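Report on the structure given below.
The values are calculated or read from the model by the stated rules, or taken from the named source; none is laboratory data. Values in this document were obtained by computation on a predicted structure and should not be read as measured data. Cβ atoms come from the backbone with ideal geometry, glycine included; neighbour counts cover every protein chain shown.
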Amino acid sequence: MTNLDIPRRAGWYSRLIVLHYVSSLCVWVSVELLLLTFLLRHEEGHWPTWESLSRLSPVAFWTYIRPLFQCGLVAQCLMHVYTFLDGACCGASLYLNLEQCVRTFAVYFVAIPLLKEVVPMRSVLLPVSALTLMNILSCLDALYTVRGTCHTVLEWLSHKVVLVLYPLLAFEEIWLVRQAARVVRNVPIARDFPSPMPNAYNFAIDTYYMYSALPLVMLPCSVLYYCYQVRYRRLARRANSV
């Protein structure tokens, strides 16, 4: 099929998706380079050890990497929108993708900036490193899929990385949300979202109860998402063997 045979919407829509994946890949590769630059700069060119990592400031690290990393997270949420528009996301997978977007906002746009020096460097470095690597492989795999080709080694590596790193990532994210709930409980000004407005309704949500209940939703969704990835890998292996 040539470009002329493709419907107009499919043509510009597919090009938009490819452009999005390429842009996302550039952002995540830049995040990976920033991550390596930060670690090597503080160790004067030497690879850091676990002991030296514990001495690094999580606030300095997050400030250094935050702008590009959050841009990558927004792009990651847009990928869920594309799968929904393509009709590939329905039923339980739709709710899982929605939970992933809520989790991203709660952890990386609220919890980590709120916690600052309260959390150890490990609890910030591990999610950032895991998400960066998983998204780089996911973007590469998606680009091959959009082109209508299949890179067996890349697909295998992408799923293996998700199966190994996602449990660690989910555990750290749930722990960060629980820590954020404890901090919010002792900060009255941070409990009202949005801030009390000068109107008759004065609408506000107590974020402490929201962050206290969020881990109860994140835990089963993490298990379901992991089982979905295992099932997807088995189906892909059967399809390749046929």
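Arg41 passes all but one of (1) modelled with pLDDT of 75 or more; (2) outside any helix (DSSP H, G or I); (3) loosely packed, with under 11 Cβ neighbours inside 10 Å; which number fails?
Answer for Arg41: the failing condition is (2).
Within the group Leu137, Leu115, Leu56, which residue is modelled with pLDDT under 90, of a type outside the set (S, T, N, Q), part of a loop (DSSP other than H, G, I, E, B) and crowded, with 18+ Cβ neighbours inside 10 Å? Reasoning before the result, please.
Details: Leu137 fails: part of a loop (DSSP other than H, G, I, E, B); Leu115 fails: part of a loop (DSSP other than H, G, I, E, B).
Only one candidate passes the filter, namely Leu56.
Among Phe203, Phe171, which is at pLDDT 80 or above, aromatic (Phe, Trp, Tyr) and either in contact with a Gly (Cβ under 9 Å, 6 or more places away or on another chain) or under 28 Å from Leu114 (Cα atoms) (or both)?
Phe171
Could you please let me know if Thr145 is polar (S, T, N, Q) and free of Cβ contacts under 8 Å to residues at least 12 places away in the same chain?
yes
Exactly one of (1) closer than 22 Å to Gln100 by Cα; (2) modelled with pLDDT of 70 or more is unmet by Trp156. Its number?
So Trp156 meets the others, but not (1).
Does Tyr228 satisfy the condition of being hydroxyl-bearing (Ser, Thr, Tyr) and modelled with pLDDT under 80?
no
All but one of (1) in a helix (DSSP H, G or I); (2) modelled with pLDDT of 80 or more; (3) under 16 Å from Val124 (Cα atoms) hold for Val27; which doesn't?
Going through the list (1) in a helix (DSSP H, G or I); (2) modelled with pLDDT of 80 or more; (3) under 16 Å from Val124 (Cα atoms), Val27 breaks only (3).
If you take the residues in segment 162-182 that are farther than 17 Å from Phe105 by Cβ and touching a residue at least 60 places away in the same chain (Cβ under 8 Å), which one is surrounded by the most Cβ atoms within 10 Å (Cβ to Cβ)?
Per the criteria, the residue is Val162.
List the pairs whose first member sits in segment 125-141 and is closer than 15 Å to Gln229 by Cα, whose second member is crowded, with 21+ Cβ neighbours inside 10 Å and at pLDDT 90 or above, and whose Cβ atoms are under 6 Å apart, counting only residues at least 6 apart or on separate chains?
Asn135/Trp28
Against the condition surrounded by fewer than 16 Cβ atoms within 10 Å (Cβ to Cβ), within 16 Å of Glu173 (Cα to Cα) and at pLDDT below 90, how does Arg122 come out, does it pass?
Criteria met by Arg122.
Conditions first: (1) surrounded by 14 or more Cβ atoms within 10 Å (Cβ to Cβ); (2) under 25 Å from Pro220 (Cα atoms); (3) at pLDDT below 80. Ala92 passes all but one, so which condition is the exception?
Among (1) surrounded by 14 or more Cβ atoms within 10 Å (Cβ to Cβ); (2) under 25 Å from Pro220 (Cα atoms); (3) at pLDDT below 80, Ala92 violates only (1).
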